[in-house]
1. Check Ser19 against each of (1) closer than 28 Å to Asn142 by Cα; (2) modelled with pLDDT under 90; (3) surrounded by fewer than 18 Cβ atoms within 10 Å (Cβ to Cβ) and name the one condition it does not meet.
2. Residue check, Glu61 against (1) crowded, with 16+ Cβ neighbours inside 10 Å; (2) touching a strand residue (DSSP E or B) at 6+ places or on another chain (Cβ under 9 Å), all met but one. Which one?
3. Of everything in the stretch 291-324, what is of a type in the set (Asp, Glu) and either in contact with a Phe, Trp or Tyr (Cβ under 6 Å, 6 or more places away or on another chain) or not in a strand (DSSP E or B) (or both)? Give them in sequence order.
4. Go through the stretch 261-290 and count every residue that is within 19 Å of Val206 (Cα to Cα), of a type in the set (A, V, I, L, M, F, W, C) and not in a helix (DSSP H, G or I).
5. State all residues of the stretch 127-151 that are in a loop (DSSP other than H, G, I, E, B) and more than 18 Å from Trp181 (Cβ to Cβ); if no residue qualifies, say none.
6. Quick one: would you say Ser265 is buried (at least 21 other Cβ atoms within 10 Å of the Cβ), within 21 Å of Asp73 (Cβ to Cβ), touching an Asp or Glu at 6+ places or on another chain (Cβ under 8 Å) and modelled with pLDDT of 95 or more?
7. Being of a type in the set (S, T, N, Q), farther than 29 Å from Asp235 by Cβ, outside any strand (DSSP E or B) and in contact with an Asp or Glu (Cβ under 6 Å, 6 or more places away or on another chain): is that true of Ser330 here?
8. Look through the stretch 296-327, keep the residues that are over 19 Å from the mean Cα position of the chain (by Cα) and of a type in the set (A, V, I, L, M), and return whichever of them is farthest from Lys249 (Cα to Cα).
Amino acid sequence: MMRYINIVFLGFLVVIAASCGKQSGVKSPYTIMFYNVENLFDTIDASGKFDEEFLPSSAKEWNTERYTQKINDLAKVISRVDTLQLPVLIGLCEVENNKVLADLSSHALLSRTGYHMVWEDGPDRRGIDCALLYNPAFFKPNTIEMLSINDPANESFITRDILYISGKAKGETLHVFVAHWPSRSGGESESEPYRILAANTMRAKVEQLFNNDSEAQIIIMGDMNDEPSNMSLSDILMALPNDKNPGKKQLVNLMYDDYNDGKGSYSYRGDWNMIDNIIVSSGLINKNSGLKSPLDNGYVFHESFMEYINDSGEVSPNRTYGRTYYGGISDHFPVYMLLFD
């Protein structure tokens, strides 16, 4: 396996007033976002991966022009989430390799941050993985693990690893998870046991962190393919609704209130699903100083250029591919939170 961490700067790191977040004497919060970027493949055939559908010779006719447009569009989305200083942490899923991350990070709209990347070639047969882009002026990783999800009853079961990174953010230890849990392919109830496996794997790591530090500062972000009230998130991961302050060693799902209001990050047959989640530990909520998060702090981001409106007036994310090439950005909207200092 190949790991790319702290590679050469993908742009010049510019230290400017905006990085201090000053506006009318008030410090701007730091933005942390997650985005399922829907099959961000390059146009090159990767040995050992089932990426043939995203080649110029495939039925999808995935070519340089379409790839470049997708990179341009994704960079535009990221640059619009935080127009002042750009997100300091960007969790991504459905990325093929370090090349697509380099192309995205070095885009003119993003290059001023000098993003570094954390990515490892995982076991997914199609070759899509989770990754983290981070602003090195904000975050400095020191521990990186790939958490494998295994099924004791089925040794042939393969799914995407969970990316775990621990590092220093503004002098404080921050634990970050980026995940893309098994899909609902074959039906929600039929596939649920696989997401429960993923939740158990993540929960075991969370318990380890809490045992070492009851006030561990944890951020979990990802496409869980489950909503906040589903068993994997509510019962196994034990991510609570964000309607009251948590006790020590507890997790809170910041997207819960929007989910209860019928909002979502993904639209399936006209219904909004909150399957992209951001979850934080009580160590980030019950604080008077340092990096902290309020409870009302989970947001779905979308603007008109990211939307598709059908003949019935229903809005959904404007995806890149369906049965044919749609030319959109992604079939998910990104989600984000703010960290205050």
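The values are calculated or read from the model by the stated rules, or taken from the named source; none is laboratory data. Small disclaimer: the values here were computed from a predicted structure and weren't measured. Counting neighbours? That spans all protein chains shown, and the Cβs are built from the backbone with ideal geometry, glycine included.
1. (3)
2. (1)
3. Initial filter on the stretch 291-324 (of a type in the set (Asp, Glu)): 296, 303, 307, 311, 314.
Once the filter is applied, which keeps residues that are of a type in the set (Asp, Glu) and either in contact with a Phe, Trp or Tyr (Cβ under 6 Å, 6 or more places away or on another chain) or not in a strand (DSSP E or B) (or both), the stretch 291-324 yields Asp296, Glu303, Asp311, Glu314.
4. Total meeting the criteria: 3.
5. Asn135, Pro136, Ala137, Phe138 - these are the residues of the stretch 127-151 that are in a loop (DSSP other than H, G, I, E, B) and more than 18 Å from Trp181 (Cβ to Cβ).
6. Working: buried (at least 21 other Cβ atoms within 10 Å of the Cβ): yes; within 21 Å of Asp73 (Cβ to Cβ): yes; touching an Asp or Glu at 6+ places or on another chain (Cβ under 8 Å): yes; modelled with pLDDT of 95 or more: yes.
Answer is yes for this residue.
7. On the way: of a type in the set (S, T, N, Q): yes; farther than 29 Å from Asp235 by Cβ: yes; outside any strand (DSSP E or B): yes; in contact with an Asp or Glu (Cβ under 6 Å, 6 or more places away or on another chain): yes.
Taking the combined requirement at face value, the residue satisfies it.
8. Once the filter is applied, the top-ranked residue is Ile309.
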